[in-house]
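Student: Before I ask anything, here is the structure I am working with.
Every read-out reported here was derived from the displayed coordinates using simple, explicitly stated rules and does not represent laboratory data. Nothing here was measured: the structure is a model prediction, and the numbers come from that model. Using ideal geometry, Cβ is built from the backbone for each residue, glycine included, and neighbour counts are taken over all protein chains shown.
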Amino acid sequence: MHRFQGRLLDVMINGNAPDQAPLKTKSLAAAVRLDEWSARARVSGGIHPDEPRSLFVVSVDFSSDPQMTGRLGDLGFQPGEPILILGFAPLGEPVFVEVRETVLALRVEEARHIFVSDEWAPLKDSR
Amino acid sequence: MSIILVGSPNSGKTTLFNRLTGMSAKTVNYPGSTVDLHRGKLIGDSSHHGSVVSVIDTPGVYSLVPRSPDEVVTLRALTESAEQAAKQVIVAVLDATQLSRQLALANQLKRFGDANGIPVLVAITMLDIVKSANESVDLQALSKELSVKVIGVPWNEAAHPESALVAAIRLELDATESVGLSVGESNTKPQEKSVIVPEFNIIADLREAKRIKDLVVTGGSIGSRSHLRMRTRKIDRWALHTYLGPILFFVVMASIFSLVFWVAAPFMEYFELLFKLPSDWILAQSWVDPDSVMTRLLTDGILAGLGAVAVFVPQIFILFLGLVILEDSGYLARAATIVDQPLKKIGLGGRSFVPLLSGFACAVPAMLATRTINSRFERLVALFVIPLMSCSARLPVYALLLAFLFSGNALTAGLVLAGLYFFSVVMGVIAAAVLSMILRRKANGKVGGKSEDDMNEKSFLLLELPLYRLPKFRMVFHQAWLRTGSYVKRTGPMILLLSILIWAGTTFPHHQTQDPVDRLENSYAGQLGKYMTPVFEPMGGDWRTGLGLISAFAAREVFVSTMAVIFHVTDEDESQMQEGLLSEMRNAKNQDGQALFTPSSIAGLLVFFVIALQCLSTFAVAIKESGSLGFALRQLVVLNIAAYVLAVAVVQGLRAFGVS
């Protein structure tokens, strides 16, 4: 616990640096950037509204653009989080993602910081 | 004593605020509509042991770590009132349909409250939606898990001084009172406290949120919740369809605009009469000297100025009504995602959509709405192009000029009017594209070759798409009314002041002269117009046009009434006045004895009015919202010069092609 001023500055500048446990999962190798995943899904016939695709967040690149990735983290994009891809806006972007009971529209610029995979099987439970 | 409401966007925080205060602010389904702090008094007996209890509504946040300007406002509100050591209660407002995420914020607020000795209450909203999915939230278990008091707030409960939440708040205030007395009774003055902001671990908070949510949300058959979400998804299947989505978008926007024009028109006449009738009444009194300066100040300056503000109230109210319905139903966020891509290409984005749309009513509230844009870059571009959206003050001018060009042919006039709106959008697109190119180049120069991508990354969309809901008529009406009221409060004084100034400029120094045309011609404003004649000549105008354009700086539609004075048209009846004015304008000759108003000069005026920033209220708001006098000044100069240059080009071009 610090005095407020220093802490507020720290928080505003650096965002909330998460104490990320080292990832040891077998799905890490299969992780794809969400924007690349979306581009591929769009080319191969899109996503039918009745069959949203479920994925898992493998990791989020919190080091780049801390303001935005920090917000992604607040919204629930954290390693191991299940997400649903619901579809795309009429022009192909943004992509609609459901995370933690919330539907969000993500641009490519936002989606590129999120690494996803079809499965999530941590070797070591992070709890 | 204060009660601070904190919650995520769309959590129903503002509805709750309205209910706790019995008034003010507005609720929305579109992220970030609460950009300022709203303060109100607690409903019922607003005093608590002698001191007033105020309720503060803060901008929506996703966590206590701020990521955008409006989120900083919330953290500051929390810490500042904690610093002042005033008695306070934090009310965490949580949406029952999103507990797995929003409980993380409740955890953070709890920790902040514990660290600073501030009691925290949790208010759960949207319980009816959860109930309709045959689920239930165990509030007692939730209260036990969070170790704070939890109160369910029914969605449609009316403002009510004895509601469970108000009772709970009063209890907490009592509790803090006794603690406060035992700790700091030696000091009557509240001592400055240093505020402690604890470390937040969002991962742990989110994990805890999910655990608690799974514990307290019970019942419902498997998939019942998804039934609720399925309805939203089913609507989205069409609303966001590749082809139907954009079509629906255009239909919705077109219907709002037609409503603004067709429905508002009769009401605008009534609102004008509101100030014209008293003015006529005063002039009809035998004890009033209609030519005295005081009478004219009252009727031509003050009452006419008030009328100028009032006449737009119907249009702005209807546009806000449409916006609020779209927001509350959940469609507006979808519309923003549809236009995000095209807007991104010109340096804007989905978050700029609502401000730009509001710009068609009035640039002043539109500029205020840009606060929800988190990228400064994008916000400046939006602020710059908003005055190009054809606001409702231009409509009377368009109407007069189009009636001159196409008298009797309403269809052509209507089509050209639509063309003018389209033209204003095209100009906006060009301006945005050019400005974002300049800003980007500037940024690249400064940082030393940062790529375009880096610049783009700074603006984020991250828009939440709420569940579709049927808007509540009473609430929607109330909110549109409140927004209209704040428009009147913000623009009213400025328009009134300028209206009086321009009245003085067109009256003095020869205020004793009986002939109004003489008086005007030799007034300060008339002299200025004459002095600037060489400027207006290339536009196909003379000092009279110039005088009209100068007076339009009070509000654009003043152009019409100035023309009426210049050509000495004093018909009582509105339609006769326009007829009289039109025939006078047709007969007007310039110094060389040629017609003053010709198709080409009218076209030039139309182009000028589309582009020029002639509204000083807008200028004042631009200074405040951009935080830079330089930016606002440049905007004022660039838009007016561009308007002038294009108007001259149109007039001279048309004349070169033989159009008189």
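Student: How far apart, in nanometres, would the label points at residue B:164 and residue A:48 be if each is projected 7 angstrom from Cα along the Cα-to-Cβ direction?
Tutor: About 4.4 nm, to one decimal.
Student: Moving to a separate point now. Please list the non-local residues whose amide H lies under 5 Å from the amide H of residue A:116, H modeled 1.01 Å from N, same-chain partners needing a gap of 5 or more.
Tutor: For residue A:116, whose amide H was placed from the backbone, the distant partners under 5 Å are A:32, A:33, A:34, A:58.
Student: Next question, about the same structure. Sorting B:511, A:48, A:113 on the 10 Å Cβ count, fewest up front, what's the list?
Tutor: Fewest-to-most ranking of B:511, A:48, A:113: A:48, B:511, A:113.
Student: Say R0 is 41 Å: what FRET efficiency, to the nearest 0.05, do residue B:481 and residue B:421 get from their beta-carbon distance?
Tutor: Taking R0 as 41 Å, the efficiency between residue B:481 and residue B:421 is 0.95.
Student: Report ³J(HN,Hα) in whole Hz for each residue of the range B:91-101, in order, from the Karplus equation J = 6.51 cos²θ - 1.76 cosθ + 1.60 where θ = phi - 60°; Gly and Pro get x.
Tutor: 10, 7, 9, 10, 7, 4, 7, 10, 4, 4, 9
Student: Then there's this: Quick one: angle between helix B:599-611 and the longest Cα principal axis of chain B, in degrees between 0 and 90, rounded to 10, please.
Tutor: For B:599-611 against chain B, the angle is about 20 degrees.
Student: Separate question: What's the longest bit of chain B with no exposed chymotrypsin sites (Phe, Trp or Tyr not before Pro), using DSSP loop states and at most 11 other Cβ atoms within 10 Å as the test?
Tutor: Between the exposed loop sites, the longest stretch runs B:288-656.
Student: Still on this structure: Let me spell out the model: positive unit charges on the Cβ of Lys and Arg, negative unit charges on the Cβ of Asp and Glu, origin at the Cα centre of chain B. What dipole size does that give, in debye rounded to 20?
Tutor: 2160 debye
Student: In terms of modelled amide H atoms, which long-range or inter-chain residues lie less than 5 Å from the amide H of residue A:83?
Tutor: Correct list: A:55, A:56, A:57.
Student: Take every DSSP beta bridge with both residues inside chain B and express the antiparallel ones as a percent of the total, to the nearest 5.
Tutor: Close to 30 percent.
Student: Taking only DSSP H segments of four or more residues, each worth -39500 (n - 2.57), what value at 222 nm results for chain B once the sum is divided by all its residues, to the nearest 500 deg cm²/dmol?
Tutor: The helix contribution divided over chain B gives -19500 deg cm²/dmol.
Student: Expressed in nm², what is the orientationally averaged projection area of the convex hull enclosing the Cα positions of the range B:493-594?
Tutor: Seen from a random direction, the Cα hull of the range B:493-594 projects 6.9 nm² on average.
Student: So which of B:87/B:624; B:41/B:87; B:87/B:210 end up more than 22 Å apart by C-alpha?
Tutor: Beyond 22 Å between Cα atoms: B:87/B:624; B:87/B:210.
Student: Return one number: the angle in degrees, 0 to 90 and rounded to the nearest 10, between the long axis of the Cα atoms of helix B:376-385 and the longest principal axis of the Cα atoms of chain B.
Tutor: Helix B:376-385 and the main axis of chain B meet at about 30 degrees.
Student: Follow-up. Kirkwood hydrodynamic radius, chain B, all distinct C-alpha pairs: what's the number in Å?
Tutor: The answer is 27.7 Å.
Student: Along the principal axes of its C-alpha atoms, what lengths does the range B:301-388 span, in descending order and rounded to whole Å?
Tutor: 46, 29, 18
Student: For the range B:267-318, with only Lys/Arg (+1) and Asp/Glu (-1) charged at the beta-carbon, what is the dipole magnitude about the Cα centre, in debye rounded to 20?
Tutor: 120 debye
Student: Pull out a ≥ b ≥ c, the square roots of the eigenvalues of the alpha-carbon gyration tensor of the range B:504-660, then state rounded if a/c is under 1.5, prolate if not and a/b is larger than b/c, and oblate in the remaining case.
Tutor: oblate
Student: Percent of Cα-Cα pairs per 5 Å bin, from 0 to the last occupied bin, for the range B:198-315, please list those.
Tutor: That works out to 2, 9, 9, 8, 7, 7, 7, 7, 7, 7, 7, 7, 5, 5, 3, 2, 0, in percent per bin.
Student: Also, I was wondering about something else. Given the Cα-Cα distance of residue B:243 and residue B:631 and 0.36 nm per residue of separation, how much length would full extension add, in nm?
Tutor: Length difference between fully extended and current span is 135.7 nm.
Student: When only C-alpha pairs under 8 Å and at least 6 residues apart count, what is the relative contact order of chain B, in percent?
Tutor: Rounded, it is 11 percent for chain B.
Student: About the Cα centre of the range B:494-607, how large is the charge dipole given +1 on each Lys and Arg Cβ and -1 on each Asp and Glu Cβ? Please answer in debye to the nearest 20.
Tutor: With Lys and Arg at +1 and Asp and Glu at -1, about 420 debye.
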